[in-house]
Amino acid sequence: MRATVRGVELHYDDSGDGEPLLLVHGFPLSRRMWDDVVPRLDGRWRAIAPDLRGHGESAVSESTSMRLYAGDLAALLDELGEKRPVVIVGMSMGGYIALEFYRRHPKRVRALVLADTRATRDTPQAARVREETAAEVLRDGSQVVAEGMVERLFAPSASPELREQWKGIMAATPPAGAAAALRAMAARPDSRRLLKRLAVPVLAIVGAEDVITPASDARAIAEAAPDGRVRVISRAGHMSPVEQPAEFAAILRDFLSDL
Ligand code: MLT
């Protein structure tokens, strides 16, 4: 399905009945990362999974920000007539966006699931590397990021087929979309103070073997949030919803059934 929101065509999946769940993918990934999770929710939730601008099948804009991504999501919910508070599941960059969404629209959020992500901002050194990578991507294509990231995304036990599949998805991200996302991540705010005033239940999920946002980041989120908890998935790295979708979905179902 597709909708034009704020002048940008966004592609999304919208399935199931019940209360709304908004699934936000990471960088430079796509909504395909939820393909093996959503069917395991048994259609009991309305699962809305967009491709962010500049990713997957959605249209590209030359520049973006966490604020713009979050605004797109709010506009997409409006377009879909979804006025109820949503549970936002954000993976990695999707977690940065979920926190920004809360910052701007706290009343529209019912709960937050922050998967394989962190609340801190980039160090100046990390932000510089992002800028260098953005320039490289614009010059040489998204293949650069795909090759650079693929080994670090997965636990050692992940199959070569899964790695190849996601390397392909990353490499297919439009270079302008990937570069804009890198710059947006480098400029994102620190959300640690926000965490302390989250007035909704928060679940941090992390792959035990995540080397990009390790379990200590998830624990820090769960400890700072007034109503926070953490679940660690074994035999998974940064791509926990893709590597262990059955366990990810079971954890999500548990959390949702307690809301
Ligand atoms: C992601 O998976 O969204 C990114 O690796 C996050 C990041 O680079 O900070």
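The values are calculated or read from the model by the stated rules, or taken from the named source; none is laboratory data. All figures in this text were calculated on a predicted structure; none of them were measured in a lab. Counting neighbours? That spans all protein chains shown, and the Cβs are built from the backbone with ideal geometry, glycine included.
For every residue, the table says whether it meets (1) in contact with a Ser or Thr (Cβ under 7 Å, 6 or more places away or on another chain); (2) closer than 20 Å to residue 178 by Cβ.
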| position | (1), (2) |
| --- | --- |
| 4 | no, no |
| 8 | yes, yes |
| 12 | no, yes |
| 18 | no, no |
| 21 | no, no |
| 31 | no, yes |
| 39 | no, no |
| 49 | no, yes |
| 60 | no, yes |
If we only count helices (runs of 4 or more DSSP H) wholly inside region 52-164, which ones have 3 or more residues that are under 25 Å from residue 228 (Cβ atoms) and touching a residue at least 12 places away in the same chain (Cβ under 8 Å)?
-> 66-79, 93-104
Determine if region 121-129 includes at least one residue that is acidic (Asp, Glu) and in contact with a strand residue (DSSP E or B) (Cβ under 7 Å, 6 or more places away or on another chain).
-> no
Run residue 121 past the list (1) away from the ligand (no atom under 11 Å from the Cβ); (2) over 12 Å from the mean Cα position of the chain (by Cα) and report the number of the one that doesn't hold.
-> (1)
Taking only region 212-229 into account, find how many residues are under 18 Å from residue 96 (Cβ atoms) and in contact (Cβ under 8 Å) with a residue 24 or more places away in the chain.
-> 9
Residue 39 fails exactly one of the following numbered conditions: (1) free of Cβ contacts under 8 Å to residues at least 60 places away in the same chain; (2) within 15 Å of the ligand (Cβ to nearest atom); (3) not polar (S, T, N, Q). What is the number of that condition?
-> (2)
Failed condition for residue 113, given (1) under 20 Å from residue 176 (Cα atoms); (2) within 16 Å of the ligand (Cβ to nearest atom); (3) under 16 Å from the mean Cα position of the chain (by Cα), with all others met?
-> (1)
Would you point out which residue out of 218, 236, 250 is surrounded by 18 or more Cβ atoms within 10 Å (Cβ to Cβ) and assigned to a helix (DSSP H, G or I)?
-> 218
Within the set of pairs 6+ apart or on separate chains, which have a first residue in region 173-185 that is in a loop (DSSP other than H, G, I, E, B), a second that is among the polar types (S, T, N, Q) and within 14 Å of the ligand (Cβ to nearest atom), and C-beta atoms under 8 Å apart?
-> 173/30; 173/142; 174/142
Can you tell me which residues in region 187-227 are under 16 Å from the mean Cα position of the chain (by Cα) and either of a type in the set (A, V, I, L, M, F, W, C) or modelled with pLDDT under 95 (or both)?
-> 202, 203, 204, 205, 206, 212, 218, 221
Residue 77 vs. criteria touching a helix residue (DSSP H, G or I) at 6+ places or on another chain (Cβ under 8 Å), within 16 Å of the ligand (Cβ to nearest atom) and at pLDDT 95 or above = no
Of a type in the set (D, E, K, R), modelled with pLDDT of 95 or more and either in contact with a Gly (Cβ under 9 Å, 6 or more places away or on another chain) or surrounded by fewer than 23 Cβ atoms within 10 Å (Cβ to Cβ) (or both), is that true of residue 32?
-> yes
Which ones in region 122-140 are closer than 21 Å to residue 54 by Cβ and not aliphatic (A, V, I, L, M)?
-> 122, 130, 131, 132, 133, 136, 139, 140
